[in-house]
Every structure is written in C-alpha cells, then in structure tokens.
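We did not get these values from a lab; they are worked out from the coordinates using the rules stated. Note that this is a predicted model, so its numbers are computed, not measured. Here the Cβ is made from the backbone with ideal geometry for all residues, glycine too, and neighbour counts use every protein chain on show.
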Amino acid sequence: MQKQDVSDGADEQAAAADNKDTMPSAGLGGEDPTALGSGGRSIEIGNFRVFSDLRLPEYDMGNCKAYAADNLRREEGGAFALVTDPSIPTRYDLIRFLTGVHIGGQIDLLDHEIAPWPPFDQKTMMLFYEKPAGGRVLVPGEKQKKIDEHDFSKIVIEPLMNVLQAVAEKGLTHRNIRADNLFFEGPMAEKVVVGDCCSAPGGFNQPLVYETISRMTADPAGRGLGSVLDDLYALGMTIAALGIGHTPLEKLREQDIIDVKLSKGSFQAIVMNEKLPLALIEPVRGLLCDDPEERWGFAELHAWLDGRRAKPVQSNTERRAARSQNISGKDYYTARSLAQGISKNWVNALAPLRDGTVENWLRRGLSDNDRAKHMAEATRQLQWGGADKRAAEDILVAKSIIILDPTGAIRFKGFSAMVDGLGTMLSYDVQHGRGPQRFADVVMRDIPAFWFGRQVGYNAEVQKLQQAYKNLRYYVQQQSAGYGYERCLYAMVRNQHCLSPMIEKSYVVNIGQLLPALEKASETLPDDAWPIDRHIAAFIATRLDDDVEPQLLALQNPADEVEYSRAIISMLALVQWRHGPDNLQNLSHWVARLMEPAVKVFHSKARRERVEHEIPKLAKRGNLVELYNLINDEQERRKDQTEFISAVEQYSESESEVFDLESSGPARLELAEKVGQQAAAFASTMIALLTVSALFLMHIW
C-alpha cells in the first residue's frame, strides 16, 4: 500500500484555498500564433495559458471539455484545462482537498480558478490537471492494452485503493472510479491513475452499471455522494471491466441493466453475460456484493493482495417470490424489482396497491409480514387523504416504493433521487428548465421523512442527513425572500453558485465573491432595482456565518419601505464588514440612490437633510458599513425619537388649548352679556343716586 505523498507546502496551499474570500483573478491574454504549433487563440488564467482552439477530447469528462494548457510557472510536464459546465455544480470540497496535493493513483490537480470562458459568455470553474504520460487504459472501440493477471494487483488495484483510502480519510468519496476514466501513469504502463472526480456531482458521469443497486435507480444528478462502499463497488466493476476488456453489460439498454441486476444480483448479472479471468473472480465477487454489510472493504482487499483467504461472501441474491406480481403486463418476483416497476408505471400501479393485491403478494409470495404490515398501514392512510384525493394517491405510491426498496432512491412520479442527492437534483432541474416544482412536491408531501423512518439501525450519515432535512419543509412553505426552494438549494449544495440573474454569469460560489460581482453588475443594472433578490437573500442566509433572520423577517413586508430598505442595506453592509472588499464605489452609489426610504426613519427635518447631505460623501468612499451606520446610529435615533415625542406632547397641549378656546366661544359671549348688563344696571343706579343726591343738596342750599 502506497502512502499519500503530499508535497512541501501543500497543507498551506490547501488552507489558502479554503480561505479565498475574493473572486480569483483571471487575466485575458492576447493571441499567440506560435504557441503549440497550430494553436493560435490562448487565454491566460491564473498561472496557466489555455489554448481554446486545441481540444484534448481524451481528457473530456461528460459535458466538461478539455483543452491544452501551458503551466507558466513550470517548464516541465504537460497540463490540460478541464472547463466545467456552469449549469452543473462542481465538488468544491473535493477540489479544495486535491489542489496542490499528490496522491498516488490520482492525476494531480495542479490548480483551479474561476475565470471567464468566452464560449460560455460567463465565468466558470477551470480545473488544471497534470497530463498523464501514458494513454487512456480503456478506449471504447479500440483494442485494450492487455494487463497481465499476475501484475493486475500492482498496476490497478493498489493505486486505486490508495486513492479511495486517502479520500475516505477526509470524509469524502471519489464517485468516479471506472475503467474508461483510468490512464497509465507513464509510457511503460506500470501503474494506472484515475482521472477527474471534481467537475460534477457524485456519480453524475458514471455509467449505470458502475452504480450500486440502491443508487442506480436514481437520476444521474440525484445519485448522491454515497460512501466508500459505493466507491468499492465501482472498483469491483472496474476490475471486471479491465478483466474482460470492455464495460460489462455495455450491449444492454439501461432498463435491461437495471432489471437484470435487480433480479439476479450484480455479480451474477456479470458472470452470466461475461467471462471473467479466474484470478479476478474472488475480488469481483466480494466488491460487487449487493449487501453493504457483506461487501468487501479495505481489510478484505489487503488480505486478498497478501494471498490470505478473505471473508467469504454470502449469497446476495434477493429473495424471490414463489409467484409473480404483475404490473402493466410485466411480472416481478423480487421486492426491489417491483418497486422499480411501480415507479415506471405510476398510474397503473395504483389499483393493485389500493385493493391490497401487493400487500397479499408480500405476505403470501415473499412471506414478508413486516413489509406487508407497513403496506397495509400506507393503504389505510389513503382514506384520510381529505379533499385532495390525487395527492393522497401519489403519496401511497411513493411510500409503497420505499416500503419495497427502503435503501433505494426516493421516487415520486418522474422525480428520482437519493436522499443525499436531493440538492443536486434540485440544482439540475432548476438550471435545465424543469424548475423546482418536483422537488417541492416531494418535500411538501414529506416523502423523505418516510424514507428516514424506514431505515434500520444507526447510521451517522443518515442521522446527519435527517437533521439537515428538517428545515427544508419550513423553507419551502415560506414564500418571502431568503426562503423557498432557493434557501433549500444553497443549504444543500455547498458548491452551488448563486443563480441570481444579476450575478449568475460571475459564478459566485463563496460569500466573499458576492459583493465584487454586485459591484460589476451595478454598472449595467437599472437604478431603481434593488441589489438583493430571492436568490441573493438565500445565498447570504446560508453562506454568511452571522444570523440574518431579523433582516429576512423585514423583507417579508415590502410595503414597509423604511424597514425593507434598512434590511437590504444591513445585509450588504454585514457581508462587506465580514468579507470585504473595502471599496465598492459603484455598489455604494447604487445603494445610496435607494436609501431615500431608510432616511425617513428620522422625524426631524433638519436631521434628515443632514443625513441626505452626508450620503453622497460616504458613497464616494465605497463603504456600505458607513452608509448603514449613518441611518442606523442608535444615539441619533434615540435623540430623534425623544425630541419627536417631546414635540408631539407640546403640539398636543397647544392643540388642546386652541380647542378649548374654540369650543367655549358661545358661553363666553353669554357671560359677557350678563356681566355687561349687570355693569350697566349698576352704573345706571349709581348715576341715578348721584343725580338725586345732587338735586337734594341744591334744594337745601
């Protein structure tokens, strides 16, 4: 067993890759008509020059195309660039682990960059691999270079085991082990190396025959990351392919491959159709065991390599019923094959499920009372379906499939994905025109919860998935920005780039890349558009370590312009505070133009005018944090509120006095009239007395 060879400084390089917060730079070089012979068009990306007119199809990976490349920092050794498909998420965790690290048995991933690619008219992930000195091991349509049976262990099995162990130690899976992804390390064909495993979701590029019975029923985008046991199964199929010289069962249609593996078992399906070398039968039988508990692991492989007797593999053929269950004219003898048959005949399968035919078949044909009991319970629940009868019937069919095949894919009408592949299946549907509705139907009907309930025993990975799933239904139920299917997408697919139309072409994977992308987008977007939409809000909520639930709550009410605008400015300022960059001129001016509602938080006209005067000055600095602090100064806001309350009280008192004066007018007039009359009477009386007194005195005198 070879030890993992890590070059000096590789740990530092991996750590640096983990801490990249800003968009990787990608300079565009000019044309170089002398480069690589006929190659004329070249693009400089990071430390590499990529020749966009020199294709290397032998290194293609599914939809990802390979091009010749020069390493500008090294004169020796060839390299090639693998341009990933931006509509398919890459395995960013695996990219970070493999970059700059040499592992025996794996081609070296020299570097990776997010860079513009002219044919796509957008940025995408570019993977730079060192070119193997030998050719591809198995080329379809060409005669295979024979590997001697006695050297098979050293040339093939040991290097591939080394890769799988190194990846498994990091808690990761390879999920791209197959014969036509192998290359000879050198021209002498002494060892093989396995090709790319980072450019697409786990199992996406694997031919159906390389997937376990549980995962082969899922759509390619929904096969999931799996475990090391899935990689070991693929290793067993790879050994078989190299032993017979071609991909096993390659002449069969995909549905026929599924049928024969479900009815006969993986190993029997191979040996009944192909002739394996005797020396390879034992490891192939052990690695292709359909029972994960019985499948060979590294210990059994080491024992076999050392010539010791490995653990014998029990018969792994699924129990067959004495009589068949017919669905749409086809007979099924095993529970798993019946589950697949039901998923392919969704409407026609309802009748035998509803009338108890399948339940009786489980009880009498397979003597499986446990499954029959659960099937009866699922049928009884159909009566409690309420008004939405069609939905209840769909749930019955989906649950029946899980009862029959509890470790298989979740299948709901045309949707088929493993639980750990729900996120990548959603990503594929959204980016390829199907939309999120199929995923939403599965989640809202709580089908994954039923799948978890049917798992037997404790499994740490299943428990982790169950915890992650708990929030999905809540997210789908919420319709406001920051939730919905967008929140599910970014929560489940860590390497999903933000799909907001504003920045989708910038391929934003990390939160630190968000604001530079918005800075560029602000040059062309209309002034009245908000710099946060549903996708960006969900992206921030899942990628930012800080809690932004209060801001998301404010976004639920766009009619409240003050709180809505403050929430958006707060989220953007928080991202800049945590991840930079410090200067965002365009974005700051964009936000400044949209700050008018937020300024209304101040009651004082003088204070509002002062804030409005400061906004353009701060916008020139390109700092969103300062802009947010300007409208969110707690001391100023408290002072403004206190003054406002005082002014309201004074105004209320003054208005009360005016009201009193206005409302008491008639009474005052009546009182004045009475007082006037009394004063007049008193005055006239006094005048009369004085007159009488004067006349009297005059008479006396």
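Taking each of LYS330/LYS399; LYS373/LYS464; LYS65/LYS154; LYS251/LYS275 in turn, the alpha-carbon distance tops 23 angstrom for LYS373/LYS464; LYS65/LYS154. Projected onto their three principal axes, the Cα atoms of the range 139-317 cover extents of 39, 37, 36 Å, largest first. A simple spin-label model places pseudo-atoms 7 Å from Cα toward Cβ; at ALA683 and MET272 they are separated by 13.1 nm.
Annotation for the range 189-266: trypsin sites (Lys or Arg not before Pro) lying in DSSP loop with at most 14 further Cβ atoms inside 10 Å of their Cβ are LYS251, ARG253. Couplings for the range 157-170, taken from phi via the Karplus curve 6.51 cos²θ - 1.76 cosθ + 1.60 with θ = phi - 60°, read 5, 4, x, 5, 4, 4, 5, 5, 5, 5, 6, 5, 4, 8 Hz in order; Gly and Pro are left as x. For the range 139-317, the dipole from Cβ point charges (+1 on Lys and Arg, -1 on Asp and Glu) about the Cα centre works out to 160 debye, to the nearest 20. Counting only DSSP beta bridges whose two residues both lie in the chain, roughly 95 percent are antiparallel. Rounded to the nearest 10 degrees, the angle from helix 561-579 to the longest Cα principal axis of the chain is 50 degrees. Can you match percent of Cα pairs over 41 Å apart to one of these, [x] 52; [y] 46; [z] 31, based on a calculation from the structure here? Derived directly from the coordinates: [y]. Checking every one of the chymotrypsin sites (Phe, Trp or Tyr not before Pro) in the range 531-601 against DSSP loop status and a limit of 16 other Cβ atoms within 10 Å picks out no site at all. Label the range 408-494 by shape, choosing from rounded, prolate and oblate, from the square roots a ≥ b ≥ c of the eigenvalues of the Cα gyration tensor; if a/c is under 1.5 it is rounded, and otherwise prolate applies when a/b is larger than b/c, oblate when it is not. Cα axes put the range 408-494 in the prolate bin. The amide H of PHE48, built 1.01 Å from its N in the peptide plane, has LEU72 as neighbours under 5 Å, considering only residues 5 or more places off or on other chains. Ranking ALA351, LEU366, GLN340 by how far each Cα lies toward the positive end of the dipole of the range 319-405 (charges on Cβ) leaves LEU366 at the top. If I fit a long axis through the Cα atoms of helix 534-543 and take the longest principal axis of the Cα atoms of the chain, what angle between them do I get, 0 to 90°, rounded to 10? So the helix axis and the longest Cα principal axis differ by about 70 degrees.
Compared with the dominant principal axis of the Cα atoms in the chain, helix 605-621 is inclined by about 30°.
Converting phi to 3J(HN,Hα) with the Karplus coefficients 6.51, -1.76 and 1.60 and the offset θ = phi - 60°, the range 250-260 yields 5, 8, 8, 6, 4, 5, 5, 4, 4, 5, 6 Hz in sequence order, with x at every glycine or proline.
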